[in-house]
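Below: one structure, written as structure tokens.
Since every read-out is calculated from the coordinates, none of them should be taken as a lab result. Quick caveat, the model's predicted, so the values are computed rather than measured. Positions of Cβ are backbone-derived with ideal geometry, glycine not excepted, and every protein chain shown enters the neighbour counts.
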């Protein structure tokens, strides 16, 4: 294979390493040494990959959590273009500014559909098992020079802007990665079996509506705790969905899974743990209340959860 997923791990590692160096040499950052260490450690995770011992990777994540928890990750003042220059460029380009962003889904779709089986000699152009993710990586790398050409900026300026965004997201940038690991840990630790035991022992699920409500509300609650619907899914589906809804009430697994994930997304709307959805946008928009996005979404999330319960109840046996 010419393009593999591991190649893009190195790209991400190099990007994070560059952010670490930029943070280290930025005198405007009040915590530049600890901030640089944080991003350097995260870069090491990507650059070393599977060659790193699990204990070492776990130790690095613990150190990163301590650095973030004690306020060691701060933002500096990257050398970005002046506000007037950016506004003038935006006015000149107009809707053309969206071209690099639109190129990403376009190239991703092209690669994952038309190029996934293409070979150069005896080698696949893209990793067939990870064609979509590899195509997304290629699309992102194409979008950078396209954006530079469009805005007449340099690759160095692109790195400065990358660092600015990483600084704005701060430690929340790492949270999706850590939450995905948490979901795997919960699954390996048998949390799903524990949930099954607790729910069947202490909740009377001898009526279908109660079982459906426990499953949907449980998906939302676990997502609130873990910040990731994909992490909550195996726990609640293994604990309630398969043994109770499918095993006892003969629910259609496809309907159960689809509406279950939709219920998990209701939890995503209501938790700061989903930092990439709820906290980072507040930081990028410089909102005075970091929970403003969550507060705006709760009136949608709660009625939607009730609708999901009703949908699953009426559709799961059709």
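General remarks:
- Shape call, region 28-165: gyration tensor on alpha carbons, a/c limit 1.5: oblate
- Cα shape, the chain, gyration tensor, a/c 1.5 rule: prolate
- Cα→Cβ-extended label distance, 7 Å offset, between residue 225 and residue 161, nm: 4.2 nm
- Computed extension length for residue 106-residue 89: 3.7 nm, one decimal, from 0.36 nm per residue of separation with the Cα-Cα distance subtracted.
- Footprinting exposure proxy for 95, 250, 197 (fewest neighbouring C-beta atoms within 10 Å first): 95, 250, 197
- Shown for 302, 41: other C-beta atoms within 10 Å of each C-beta, ranked fewest to most, produce the order 302, 41.
- Computed extension gain for residue 198 through residue 77, at 0.36 nm per residue and net of the alpha carbon distance, reaches 38.5 nm.
- To the nearest ten degrees, helix 83-93 and the longest principal axis of the Cα atoms of the chain are 80 degrees apart.
- Efficiency of FRET between residue 250 and residue 207 - r from beta-carbon atoms, R0 22 angstrom, step 0.05: 0.90
- Computed [θ] at 222 nm, deg cm²/dmol, the chain (DSSP H ≥ 4; -39,500 (n - 2.57); rounded to nearest 500): -22500 deg cm²/dmol
- Stretched out straight at 0.36 nm per residue, the stretch from residue 48 to residue 132 would grow longer than its current Cα-Cα span by 27.9 nm.
- Its relative contact order, with pairs defined as Cα atoms under 8 Å and 6+ residues apart, puts the chain at 15 percent.
- Taking the C-alpha atoms only, the angle from helix 131-151 to the longest principal axis of the chain is near 40 degrees.
- Folded to 0 to 90 degrees: helix 253-268 orientation relative to the chain principal axis, Cα: 60 degrees
- Taking a ≥ b ≥ c as the square roots of the eigenvalues of the Cα gyration tensor, region 138-275 is classed as prolate, since a/c reaches at least 1.5 and a/b is larger than b/c.
- Fewest-first sequence of 23, 263, 201 by Cβ atoms within 10 Å of each Cβ: 201, 23, 263
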